[in-house]
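The values are calculated or read from the model by the stated rules, or taken from the named source; none is laboratory data. Predicted model, so just to flag it, every value in this text is computed and none were measured. Methodologically, a virtual Cβ is constructed for each residue, glycine included, from the backbone with ideal geometry; neighbour enumeration extends over all protein chains shown.
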């Protein structure tokens, strides 16, 4: 990852082979409410999925937790940090994964605004696929009822 660069100069996720060939951008951060900006720390690899954090971006511009597939598809925000008493703000450092849960830290937010240690349960891929299939079936059934 780069903290700066890309079209908006708000950071990128890239791939490159160990011999220096095969460079490609997987994601260019745009900032704002629907994306992160200024990625920081290392990516955590779990199968075909990377997990990472950005210091800024999201609805409150308090940083994000995101996932992206190793081929550059499937980018999504998992959490948008808001700060305040019940959430962290401006995540910093690396995210780690243990038993399908991501852990990380923020230097701000929490009850006294002096930071948090957070955890986020990662949905199992099979559960997410079943959920999407179920939602698709509901949509199809609703479409048939209208006809």
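Below are the figures for this structure:
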item	result
So residue 104, is it assigned to a strand (DSSP E or B), at pLDDT below 95 and under 13 Å from residue 44 (Cβ atoms)	no
Residues of the range 18-29 that turn out to be in contact (Cβ under 8 Å) with a residue 24 or more places away in the chain and either over 23 Å from residue 122 (Cβ atoms) or surrounded by 21 or more Cβ atoms within 10 Å (Cβ to Cβ) (or both), as a count	4
Test result for residue 66, within 16 Å of residue 122 (Cβ to Cβ) and buried (at least 18 other Cβ atoms within 10 Å of the Cβ)	yes
Hits in the range 2-17 (condition: within 18 Å of residue 61 (Cβ to Cβ) and either over 19 Å from the mean Cα position of the chain (by Cα) or surrounded by 14 or more Cβ atoms within 10 Å (Cβ to Cβ) (or both))	3, 6, 8, 9, 10, 11
Filter pass, residue 75 being crowded, with 16+ Cβ neighbours inside 10 Å, in contact with a strand residue (DSSP E or B) (Cβ under 6 Å, 6 or more places away or on another chain) and closer than 15 Å to residue 13 by Cα	yes
One residue from 84, 93 being modelled with pLDDT under 95, farther than 23 Å from residue 10 by Cα and surrounded by fewer than 19 Cβ atoms within 10 Å (Cβ to Cβ)	84
